[in-house]
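Since the structure comes first, as structure tokens, the remarks are kept for the end.
Just so it is clear, none of the values below were taken in a lab; they were calculated from the coordinates. Values in this document were obtained by computation on a predicted structure and should not be read as measured data. Glycine also receives a Cβ, built like all others from the backbone with ideal geometry; neighbour counts cover every protein chain displayed.
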Amino acid sequence: MKTKKFNTFSIAGNGKTNEDYILCQDLFKEYSLAILADGMGGLSYGNQAAQIVSHAIADFIASNLHKYEPKELLCKAFDMADELIRQKCYELRCKMGAAVCVALIGKDSVHYAWQGNVRLYKKENDAHVLLTTDHIVANENSTLLTRCINGKGFREPIPVETISINDDDTIYLCTDGYYQNTCNLQNHLPTDSNDGASLIEILFE
């Protein structure tokens, strides 16, 4: 069984509330979980949305870890998070949501799923390889998410992928405020991001 170490970093945007949320925890036996959620700018209660999504996914996975295969488990966990966001939107009479990336870490592999533009990278031979695709549409003035968890269900299947893990591998989960403001995930920490910036670094030994 490989040893895992989690390093985390998160700052709020200039003059703003931090709407990113990090959750890392050990699960039953060899499994661990890393979740990074980014509350949607322009909607209400971004910090609450990120927390609701993260804890809903973590709680579902922890309670159902041995009931489903990883892909189905992650998809059902996203469904649960979406339902809880729907309920909170109804309660608060608002629109809220979050982008999120989830890494379910096993003995020799990582199963990961995402919605939006929170990214997952793997360090390979001193290069950082992007393993997710941003769910965005961009124009000259703005960037909009095309997928997120916002209480409205999912028009397309949740993407779930699996990669093998070896000794000395490193996995990174990071928000757009992080990867847009640093040229090196490992050594440079942004200090002046207008949109906030968060990183989870997972080291395997």
query: How much length, in nm to one decimal, is gained on full extension between Tyr68 and Val129, taken as 0.36 nm per residue of separation minus their Cα-Cα distance?
result: 19.1 nm
statement: Inter-part gap, Cα centre of the stretch 156-172 to Cα centre of the stretch 1-71, in whole angstrom, is 16 Å
task: Using a cut-off of 14 Å between beta-carbons, work out the net charge of the residues near Leu131 (Lys and Arg +1, Asp and Glu -1, Leu131 not included).
output: -1
message: Restricting to Cα pairs below 8 Å that are 6+ residues apart, what does the relative contact order work out to for the chain? Please round to a whole percent.
response: 27 percent
- request: Place the peptides 37-46, 94-103, 122-131 in order of packing, highest mean first, counting for every residue the other Cβ atoms within 10 Å and averaging per peptide.
  value: 94-103, 37-46, 122-131
Kirkwood hydrodynamic radius (C-alpha pairs) into Stokes-Einstein, the chain, 10 °C and 1.306 mPa s, D in µm²/s: 93 µm²/s
